[in-house]
Each structure stands twice: as structure tokens, then as C-alpha cells.
1. Going by what's in this entry, would Gln142 be described as part of a helix (DSSP H, G or I) and either at pLDDT 95 or above or within 13 Å of ligand 1 (Cβ to nearest atom) (or both)?
2. Answer with yes or no whether Gly84 is within 14 Å of ligand 1 (Cβ to nearest atom) and not in a strand (DSSP E or B).
3. Report every pair of residues separated by at least 6 positions or lying on different chains whose Cβ atoms are under 7 Å apart, first residue within the stretch 192-209 and under 14 Å from Gln105 (Cα atoms), second of a type in the set (D, E, K, R).
4. When only residues in the stretch 193-208 that are in a loop (DSSP other than H, G, I, E, B) and either surrounded by 14 or more Cβ atoms within 10 Å (Cβ to Cβ) or at pLDDT 95 or above (or both) count, which is nearest to ligand 2 (Cβ to nearest atom)?
5. Does any residue of the stretch 209-231 turn out to be within 16 Å of ligand 1 (Cβ to nearest atom) and in a loop (DSSP other than H, G, I, E, B)?
6. Cβ contacts < 8 Å: first residue away from ligand 2 (no atom under 16 Å from the Cβ), restricted to the stretch 266-280; second residue in a strand (DSSP E or B) and of a type in the set (Asp, Glu), any location; separation 6+ or different chain. Result?
7. May I ask you to list the residues in the stretch 103-128 that are within 11 Å of ligand 2 (Cβ to nearest atom) and among the aliphatic types (A, V, I, L, M)?
8. For the stretch 243-262, what are the residues that are at pLDDT 90 or above, of a type outside the set (Lys, Arg) and more than 10 Å from ligand 1 (Cβ to nearest atom)?
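The values are calculated or read from the model by the stated rules, or taken from the named source; none is laboratory data. Keep in mind the model is a prediction, meaning the values are calculated, not measured. Virtual Cβ from ideal backbone geometry, glycine too; neighbours counted across all protein chains shown.
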Amino acid sequence: LSLRLTESLANLRTKGKLTPADVDGTVREIRRALLEADVALPVVKEFTAHIRERALSDDVNKALNPAQQVVQIVNEELIGILGGEVRRINFAKQPPTVIMLAGLQGAGKTTLAGKLAKKLLEDKHQPMLVACDLQRPNAVNQLQIVGAQAGAHVFAPEPGNGIGDPVRVAKDAIKYATDKHYDVVIIDTAGRLGVDAELMKQAANIRKATNPDEVLFVIDAMIGQDAVATAKAFQEGVDFTGVVLSKLDGDARGGAALSVAKTTGRPIMFASTGERLDEFEVFHPDRMASRILDMGDILTLIEQAQKAFDEEEAMKAAEKMANDEFTLDDFLAQMQQMRKAGNMKRMLGMLPGMGQMKDLIDNFDEREINRTEAIIQSMTPAERKNPKLINGSRRARIARGCGRTVTDVNTLLKNFEQASKMMKTVARGGMPNIPGMGPM
Ligand code: GDP
Ligand code: MG
């Protein structure tokens with residue numbers, strides 16, 4: 001997280017409820033973080049306006065503190081735009097499946113052709129690469145090298161025939177693939193350094209002539225603020241069915257992903273993460289969301305918190321306490337949950353009414369949880385349900401069973417009694433009277 005965003009969230013953390021002023025301050029910092037990640041300005045504006053609206057609505061997760069609420073909303077919205085689920089390649093019912101690549105020069109199309117071919121071969125397909133970039137002298141050769149690395153056949157015009165017609169090559173290639181039973185045809189096309197009307201027309205003509213099942217728009221993640229204009233130009237000029245974000249191994253924060261997904265509405269399908277053919281993966285919207293906001297650690301916190309204390313569990317426990325049904329099993333389950341979460345203090349802060357008991361329960365450390373666990377597990381189910389059964393001889397047996405002393409068992413039972421008394425009071429809506437803490 002950017003320092004300012006961290007600070008702004010830290011300020012929220014101590015407050016009980018989101019006010020419009022809180023939200024505005026945090027939204028300002030989120031806007032800044034998105035711009036730093038190179039998300040295009042119009043996208044940032046629309047996005048933050050929506051975040052503000054949601055943060056001020058009643059549709060927030062009450063189990064989280066205000067800072068966590070804001071982060072969760074931002075994260076959900078980011079994932080929503082980036083596409084909730086991974087979109088896979090649409091294969092033709094009648095092979096060959098035709099995949100056309102489009103994008104600016106240097107975006108990574110030719111490299112991607114090799115990556116796709118390698119992946120498809122691994123998945124038992126028979127891919128064939130087609131060289132339709134006849135603009136640059138070396139382009140055909142480059143594809144041939146990449147094809148050889150992947151172990152895929154490359155269809156290219158005969159050398160020495162002058163400048164070929166890429167539309168013709170593409171059509172011939174599909175016919176060839178059909179005859180030779182290649183089931184996926186990947187068409188590599190030319191790009192220029194900037195958006196160019198003539199080249200756009202060429203790509204559109206190749207599309208028209210080959211009717212591809214997928215047109216993948218390849219865009220360099222480092223492109224920055226130009227992402228929107230470039231993506232729009234390709235959408236209008238050629239149109240595409242999916243996006244591939246390349247060079248994600250660099251230090252681009254991935255703002256281009258958000259800009260492109262938001263302005264074109266097309267799914268991001270793959271991420272290219274290096275020059276090697278295996279440096280390629282399906283696109284994960286959730287990972288990209290945290291990369292954009294650089295908030296992986298906060299998200300982990302939220303996940304932990306939710307896992308350990310989903311609201312329903314807390315309600316159930318409270319109900320049991322109120323009904324005097326709180327057993328040693330419940331006591332153990334609670335401790336185990338707290339341990340799972342890794343940070344007991346934070347968990348207690350989130351349980352309604354438990355904030356004040358933090359200091360007392362702070363005295364439980366990890367080892368104490370382990371001890372407690374061992375002792376309770378050495379009790380019979382009947383004893384756990386009804387601790388009043390546990391007389392002197394039972395205490396001795398329990399202590400033997402878990403390798404502790406009778407004093408340890410006594411201490412545990414006292415702790416349990418104290419905890420269930422306090423919890424009962426909390427559950428009934430009163431404040432627990434904790435020795436040594438004075439009136440509250
Ligand atoms: P094209 O002009 O769109 O066909 O782009 P190329 O496939 O020729 O790639 C241009 C340059 O970027 C080459 O030097 C590639 O090795 C490099 N490249 C492509 N994809 C990636 C990637 O994901 N990460 C990195 N670091 N380099 C890449
Ligand atoms: Mg190329």
C-alpha cells in the first residue's frame with residue numbers, strides 16, 4: 001500500500017462507524033493509489049465514485065472494522081471489473097479453432113503465439129502457427145524460431161516472393177490446417193508502434209477472411225495511460241474477444257488491466273510474465289486486484305478474520321452462553337478458532353462486546369491454548385458437556401491422560417467457569433465485571 005493509503009486506513013481502524021468524511025479521505029487515497037498504478041484517469045474517477053457510494057450505503061460487512069470494510073469494497077469492485085472468473089479459450093465445434101492475435105508492435109504477439117502453442121500441445125491439441133506479419137523482414141523468421149521452440153508447425157509464405165498478402169496467407173493456412181488435421185490455428189499479425197489506420201484495416205481484413213473463434217488483443221502492461229486509447233482503437237478497428245496482458249514480470253502495477261477491462265468490457269484471459277515460452281498463465285482477477293492496490297497483506301488479514309469468526313458462529317456461541325449451554329467443547333472450539341486466526345487480540349476485538357475483555361484474555365498465550373486443548377481432549381464427552389461432573393478422582397484421571405498436573409486441570413476449570421460467567425453477562429447485554437479492571 002502507498003504510505004498515505006496505509007495511514008488513511010490506519011486512521012479509520014480505530015473508529016466505530018464510517019462517516020462521509022472518513023470515506024472521502026480514504027477514497028481520495030484510493031484514487032491516488034490507482035493513478036500511481038497507472039489506471040487511466042476516467043476509469044479512476046468512475047471507479048472511486050462508485051466506491052464512495054457503496055461505502056456509505058448500508059451494504060457493508062459489519063463483522064469488519066471500517067478500514068477493512070473499505071478495503072473489502074475496493075477489492076470486490078476491482079475483481080468485478082477485472083472479471084470474476086477465468087475465461088477459457090472458446091474452441092470451435094468444427095476444427096480448426098482459429099485464434100487471431102492483434103496489438104501494437106512489440107506488445108508480445110509473436111511470443112504469445114509460441115506460448116499458446118506450447119500450452120495447447122501440453123493439452124494434447126495440434127496447434128499450427130501462421131505468419132501473417134509480413135511487414136517486418138525478420139518477423140516470419142522470428143515466428144519460425146518461436147514455433148520450433150514450442151514444437152509446433154509454422155505455416156509461412158515462401159521466402160523470396162516479395163511482400164506477400166497476409167489475408168491470402170491466412171486463408172491458405174486454414175485450408176492447409178483443415179487438410180492436415182491441425183485443430184488450432186494461431187494467426188500472428190503485424191503491429192506498428194502506434195495506432196495506424198492502414199494496419200488496422202489489414203487486421204480487420206484478416207479477421208473478416210478467417211472468421212476467428214477468438215481474437216486476442218495483446219497489450220503491454222507497461223503502456224500506462226495510453227492503454228485506454230489503444231484498446232479503444234483496436235476494439236473499433238478490429239474488435240477482439242479477449243485480452244492478454246504481457247510483460248507483467250516488469251514492475252508495472254497492472255493498472256492497464258483495469259483500464260482495458262473497464263473501457264472495453266472484454267475479459268482478460270491470459271498474463272504473459274516473461275520472455276520464455278513457459279512464462280505464461282491464465283489471468284487471475286483477484287491477484288491482479290491486490291497487485292493494483294498493492295494490498296495483499298490487508299486482504300490476508302480480512303480472509304483470516306472472516307474464516308475464524310464468521311458472524312453466524314459468533315451468534316451461535318452467544319446464544320449458547322445466554323442459555324447456559326456453553327460447554328468445555330465450545331470453549332475449546334473457540335480457542336482453536338482464535339489460534340487459527342493467529343491473532344487472538346484482533347479476533348476478540350471483533351466479537352461484539354468482547355473488546356473490553358481483551359486485556360484479560362491477552363494472558364492466554366499459544367502454549368496455554370495447547371495445554372487447554374490437551375486437557376479438554378482427555379475428558380469424556382459427558383465431562384465436557386457438564387463440567388460439574390468433574391470430581392477429584394476424575395481430575396486425577398484427566399491429568400494423567402494428558403500428562404499435566406491436577407493443578408493444571410483445576411486452573412483450566414476455573415478459567416472456563418470465569419469465561420462462561422463473563423460470556424453469559426455479555427450475551428445478556430450487560431458489561432462483564434472483570435476483577436482488576438475497575439468499573440466500565
Ligand atoms: P510483437 O511485436 O507483438 O510480436 O512482440 P514480440 O513477441 O516480438 O515481443 C517483443 C519483445 O518483448 C521481445 O523482445 C519479447 O522477448 C519481449 N516479450 C514478450 N512478452 C514478454 C513478457 O511477457 N515479458 C517480458 N519481459 N518480455 C516479453
Ligand atoms: Mg511479432
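1. Yes; evaluated as a whole, the condition is true for this residue.
2. It is false that Gly84 is within 14 Å of ligand 1 (Cβ to nearest atom) and not in a strand (DSSP E or B).
3. Sorted first by the residue in the stretch 192-209, then by its partner, the pairs are Leu199/Arg192.
4. Asp196
5. Looking for residues that are within 16 Å of ligand 1 (Cβ to nearest atom) and in a loop (DSSP other than H, G, I, E, B), one finds none in the stretch 209-231, hence no.
6. Going by the 8 Å Cβ cut-off, the qualifying pairs are Phe270/Glu281; Ala271/Glu281; Thr273/Glu281.
7. Result: Leu104, Ala107, Leu112, Ala113.
8. Hits for the stretch 243-262 are Val243, Ala256, Ala257, Leu258, Ser259, Val260, Ala261.
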